[in-house]
Amino acid sequence: MKILLCTDGSTDATRAARFGLRLARRGVDSLQVLGVIEDHEDAARLIQNALQALGAELDPIGLEYNTKTRHGHAAEQILDEAVDWQADLIVIGQLGRRGLTRFIMGGTATRIVQYARCSVLLVKGQRSALQKILVCTAGGEPGLRDVEVAGRVAAQAQANVTVLHVMSQVALTEKTYRPDLEAPANDLMARHTREGQHLAAALNALKSAGVSGAVKVRHGLVVDEIAVEARDGDYDLLVIGAHLAHGLSRWLLDDVTAHVLEETQLPVLVVRGEL
Amino acid sequence: MTRPRPPRRINFLKITYALAGLVVFILALQLMKAGARQLAPVVENLALVQTPVQALGLGWLGAYLVLSGSPVAAAALGLFNGGVLTELQTFMMINGSRMGSSFIILFVGFLYMVRGHESKRSLSIGLLSMWTTWTTYVPAMLLGTYLLNSGALSSLHFSASAELASFVDAIFNPIVTWITGWAPGLLTFVVGVLVILLAFNLIDRALPELKLTGSEFGEAPSLLFRPIVMFLIGSAITAVSMSVSVSVSLLVPLSARGYIRRENVIPYIMGANITTFIDTLVASLFMNNPASFTIVLVEMLSVTIISMLIMIFIYRFYERRILNAANRITATRRGFSLFMILMVGVPIVLLLVPRLFITR
């Protein structure tokens, strides 16, 4: 796996890089530390300091890495570098303390997640451990793939995984109402409903990865329920699939991932393709 | 080998229904207009509708009585043209008609629940529909009142052309004169209301039947659409169906399991709440009174402006509040029953209480 660690010289970015390394340490084939210099005076000095600091942490681990600096808008430079270097994972932090980068969480990070061709780890807050992972799945093949990715990450970190599915459906008429709409995960699996079958497949995927996992169903607005579960469950990482829509459907379908990024204060791994 | 599709046939029955519906619709408007003229002194003497709040209550109750908002909105225009209601009262009565009709979906669901069929959660769609309507219409009423009082849109006057008006008079005046000959003012108006119910029945029969199934749309109904997309879909479907409740029921065959995402409901209803006025707008053109058109236009514009402001600035917050309100109401059976009683009581209070404070 090729990992692109991005920094703007801030301590948040350094913390994000550390978290990224913890997440994928055993699977790293190639590592690049990218410093992006935007147009403020001491940016170059900060970036150099950050690259040196990260280097000092990477050397004892024995990981091969190279460093690079680029000048310009953070999102564009990171996206371009990820394409040029053919990265499998971009790791970015809460780079929002100065200048343009203070919008990183609301603007640049969302932009990177939306336009990246690979997975993105967006590290928010301070997490020193990786023991509990929440994976949000919408169903179908892409949802199972996200669970598999979470399973691999959890296996490396020896973490527990909770698979969350949110049902926001309501009956269109009183005659089309079904108790399934309010049922918990175990009931759905016992009844072999569409959602239940998906959750059972997710549990099997985790079992195959040698990870202990649990499934959970919440009822309500999708983004809100994910945010509440992430907040109340004391998780260390949230895994969610990237918005897969393309062409016309990109404009028709809501980008749940972008909304979750705005709402949660957890590190978020946005999965795109195989990781 | 695929069979060639049979050529589409012109459905003459539906065309007949549409034409008959239009003719009956215009006749009903003429009858209500004529009846209202004779009704005006009676209403004035009895002090039935003297304030905009009473008009709101009247429209609201009227929608309960005929189980639909459109006939009541058309009746409001008839009363306006007969001199019974002022511009503002007419505007409020039209508002009331829509607020009342938004309760009907919920009421049908409530009866279903009382008969012990399903959980109170099955009422969600009716509650969401009603709350969305109310929370947009109440601020829209304030905005519309300002627009009407300021005369900001009074220059926008449209009505049927003089030629069309003469043609309509030539066709319908003999029938209206004959009916008013044997029916006094109030009765003429009541006949007009009955005839407009018939007109909407005929128009419903003329609407295209959607024989779509969930399989044709795959997983589309279960996807999460952008709010603006559902808003436009709701507007478009209701522009044809002319009824919010019909638009909601049209979603049933599209959804494989009869479900819809909560996130998709609210913007859909918001869009539907605007184009549901199209039939009233058409009715205003046939009233041959440009001020009628202005009232309906103000109504549509106010609801559109409020809906767009919500969509652009506070949509996520609004969505959460609406869902919370719906959940709280259905939290207990007793609470929900009290809410239903309140919904019947409020329009009666609006209609009657202002009378106590009016000095004649």
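The numbers here are math on the coordinates, done by the rules we state, and not lab data. What you are looking at is a predicted structure, and each value in this text was computed from that prediction instead of being measured. Every residue, glycine as well, gets a Cβ built from its backbone with ideal geometry; the counts of neighbours run over all protein chains shown.
The table below lists the values:
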read-out	value
Within the range B:160-177, backbone nitrogen closer than 18 Å to the virtual label 7 Å beyond the Cα of B:Leu194 toward Cβ	B:175-177
Å³ per residue enclosed by the Cα convex hull of the range B:241-327	100
Distance histogram in 10 Å bins (all Cα pairs of the range B:132-187, percent per bin)	18, 21, 22, 33, 6
Using alpha-carbon coordinates, inclination of helix A:222-232 to the longest axis of chain A, degrees	70
Relative contact order [Cα under 8 Å, 6+ residues apart], chain B, whole percent	27
Least to most buried among B:Met141, B:Met92 (fewest other Cβ within 10 Å first)	B:Met141, B:Met92
Estimated FRET transfer efficiency (A:Asp84, B:Ala40; beta-carbon r; R0 60 Å; 0.05)	0.15
Spacing of the two label points (7 Å from each Cα toward its C-beta) at B:Leu186 and A:Lys2, in nm	8.6
Sorted largest first, extent of chain B alpha carbons per principal axis (Å)	61, 60, 43
5 Å-binned pair-distance histogram of the range A:132-271 (Cα, whole percent)	2, 10, 20, 22, 21, 15, 7, 3, 1, 0
Partners for B:Lys33 among aspartates and glutamates (Cα-Cα distance below 17 Å; same-chain residues under 8 apart left out)	B:Glu44, B:Glu87, B:Asp169, B:Asp279
Å³ per residue enclosed by the Cα convex hull of the range B:49-146	83
Whole-percent pair-distance distribution, where bins are 5 Å wide, for the alpha carbons of chain A	1, 6, 13, 17, 18, 16, 11, 8, 5, 3, 2, 1, 0, 0
Residues of type aspartates and glutamates that B:Lys14 reaches as a straight line, Cα spacing below 15 Å, ignoring anything fewer than 8 places off in the same chain	B:Asp204, B:Glu209
Label-point separation, B:Val344 to A:Lys68 (7 Å along Cα→Cβ), nm	7.3
Calculated SAXS-style log₁₀ I(q)/I(0) at q = 0.06, 0.08, 0.11, 0.12 Å⁻¹ - the protein assembly as shown, Debye, Cα scatterers	-0.45, -0.71, -1.05, -1.15
Gyration tensor (alpha-carbon) shape descriptor, the range B:13-100, a/c threshold 1.5	oblate
Residues with amide H under 5 Å from that of A:Asn160, placed H, sequence gap 5 or more	A:Lys132, A:Ile133
Stretchable slack from B:Ile15 to B:Phe357, in nm (0.36 nm times residue separation minus alpha-carbon distance)	118.0 nm
Calculated FRET efficiency for the pair B:Arg205/B:Ser166, C-beta based, R₀ 22 Å, to 0.05	0.15
Cut-off 11 Å between beta-carbons: net charge of the residues surrounding B:Tyr17, Lys and Arg +1, Asp and Glu -1	+1
